[in-house]
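First the structure, in the form of structure tokens, and then the observations on it.
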Amino acid sequence: MIKLSVCIEMIFNDAPFLDRIAKVAEIGLPAFEFWDWGSKDINEIKRRKQKHGLATAAFGVDLKASIVDRGATESFLKAVKDSFKVAHDLDCKTLLVTTGNELKGVPRSQQHESIVKCLKGAATMAEKEKVTLVLEPLNILVDHKGYYLSSSSEGFDIVKEVGSPNVKLLYDVYHQQITEGNLISTITKNIDLIGHFHTGDVPGRHEPGTGEINYANVLKAINGTGYGGYVGLEFMPTKDPKQSLKSIIDIAKGMN
């Protein structure tokens, strides 16, 4: 069953942030997600999500440092601990984690080890709190030059090294199409290591159907694995957001 979540940072962003929650309910989708929580009115988000009967699918750990840095472990663990409190308040089971940018002059192997160390430190807490941390690779060819983690292959290696059921990968179809392609095979072979999806088409990071990705086939493959988490809609609409969402909603409905 495909469950869709709207990223209200990118969709409905012509409206005030909090008002976007109601717009998700208006189109009949069950969940929303957002990025870092530190600047958000969490109490009001909670009130509105409850009013509209929506789930909070995911939001980002409010990081203050890059986890590729050996000295980042303590601050990362504090950020994760603080984010767990918000996750429980919003009844959210998934927290997004980014690595930060690559450190110049520092071997990648050392930065890789630092990421693993940070996530291992957080894994025990995540298991206790029954929240899953999802690590996100981003493309460095178009959007995030300098970011450390671009490939899903290294991301999966990190998840395996951490070795916790509560630390997985956020597989962003848009970013991975740019970085490495081979979407369906990668997804189906590694589905047990994936805890969340993001979607957007290539080029432009617009709604599915505007570019080269066959989202009907991609979602069919995800659905066929038995994946039970959310597929986040994180793209820049080229037209009215409700119309931009229609194609992906129709594809998902056809599989449920």
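Just so it is clear, none of the values below were taken in a lab; they were calculated from the coordinates. Keep in mind that what you see is a predicted model, and the values were worked out from it rather than measured. Note that we place each Cβ from the backbone using ideal geometry, even for glycine, and neighbour counts take in every protein chain shown.
Calculate, for Arg70 and Glu212, the FRET efficiency according to 1/(1 + (r/R0)^6) with r their C-beta to C-beta distance and R0 41 Å; round to the nearest 0.05. Kindly include the intermediate steps, with their values, before the conclusion.
On the way: r = 39 Å, r/R0 = 0.96.
Taking R0 as 41 Å, the efficiency between Arg70 and Glu212 is 0.55.
Where Lys and Arg each count +1 and Asp and Glu each count -1, what net charge lies around Gly211 among other residues with Cβ under 10 Å from its Cβ? Mind showing how you got there, number by number?
Values: positive: Arg205; negative: Asp201, Glu207, Glu212.
Residues near Gly211 contribute -2 overall.
Based on the Cβ-Cβ distance of Glu113 and Thr188, what FRET efficiency does E = 1/(1 + (r/R0)^6) give at R0 = 22 Å, to the nearest 0.05?
Values: r = 29 Å, r/R0 = 1.33.
It comes out at approximately 0.15.
Take Leu77, project a point 7 Å from its Cα along the Cβ direction, then tell me which residues of the stretch 156-200 have their backbone nitrogen under 18 Å from it.
162-164, 166-167
In square nanometres, what is the average projected area of the Cα convex hull of the chain? Each step should come with its number before you reach the end.
On the way: hull surface 49.8 nm².
Mean projected area for the chain: 12.4 nm², to one decimal.
In nm, to one decimal, how far is the modelled label at Met1 from the one at Asn43, with both set 7 Å along Cα→Cβ?
That separation, rounded to one decimal, is 3.4 nm.
Let me have the 222 nm mean residue ellipticity of the chain computed from DSSP H runs of 4+ only, each contributing -39500 (n - 2.57), with the sum over all residues rounded to the nearest 500. Please list the in-between numbers first.
Details: 9 runs with 106 residues, N = 256.
Helix-only estimate at 222 nm: -13000 deg cm²/dmol.
Out of Val159, Met125, Val6, whose Cα points farthest toward the positive end of the dipole of the stretch 3-253 (charges: +1 Lys, Arg; -1 Asp, Glu; placed on Cβ)?
Ranked along the dipole, the leading option is Met125.
Run the simple label-point estimate for Lys128 and Lys220 please: 7 Å along Cα→C-beta, distance reported in nm.
It works out to 4.6 nm between the two label points.
Among 77-85, 194-202, how do they line up from the highest to the lowest mean number of other beta-carbon atoms within 10 Å? Before the final figure, lay out the partial values.
Details: 77-85: 17.8, 194-202: 23.8.
Ranking, from highest mean packing down: 194-202, 77-85.
All other residues with a Cβ under 13 Å from the Cβ of Gln177 taken together, and with Lys, Arg as +1 and Asp, Glu as -1, what is their net charge? Could you put the intermediate results ahead of the total?
Working: positive: Arg205; negative: Asp143, Asp172, Glu180, Asp201, Glu212.
Combined, the nearby Lys, Arg, Asp and Glu give -4.
What's the extension gain from His52 to Asp250 if we count 0.36 nm per residue and subtract their Cα-Cα distance? Let's see the in-between values first.
Working: separation 198, 0.36 × 198 = 71.28 nm, distance 2.19 nm.
Length gained between His52 and Asp250: 69.1 nm.
Starting from the Cα of Lys78, draw a straight line to each of the lysines and keep only those under 16 Å, dropping any in the same chain fewer than 8 residues away.
Lys64, Lys117, Lys120, Lys128
Straight-line reach from Lys168: which aspartates and glutamates fall under 17 Å, measuring Cα to Cα and dropping same-chain residues less than 8 apart?
By straight Cα distance, Lys168 reaches Glu113, Glu127, Glu129, Glu136, Glu154, Asp157, Asp192.
Could you order peptides 122-135, 18-31 by the average number of other Cβ atoms within 10 Å of their residues, highest first? Kindly include the intermediate steps, with their values, before the conclusion.
Details: 122-135: 18.9, 18-31: 17.2.
Result, highest mean Cβ count within 10 Å first: 122-135, 18-31.
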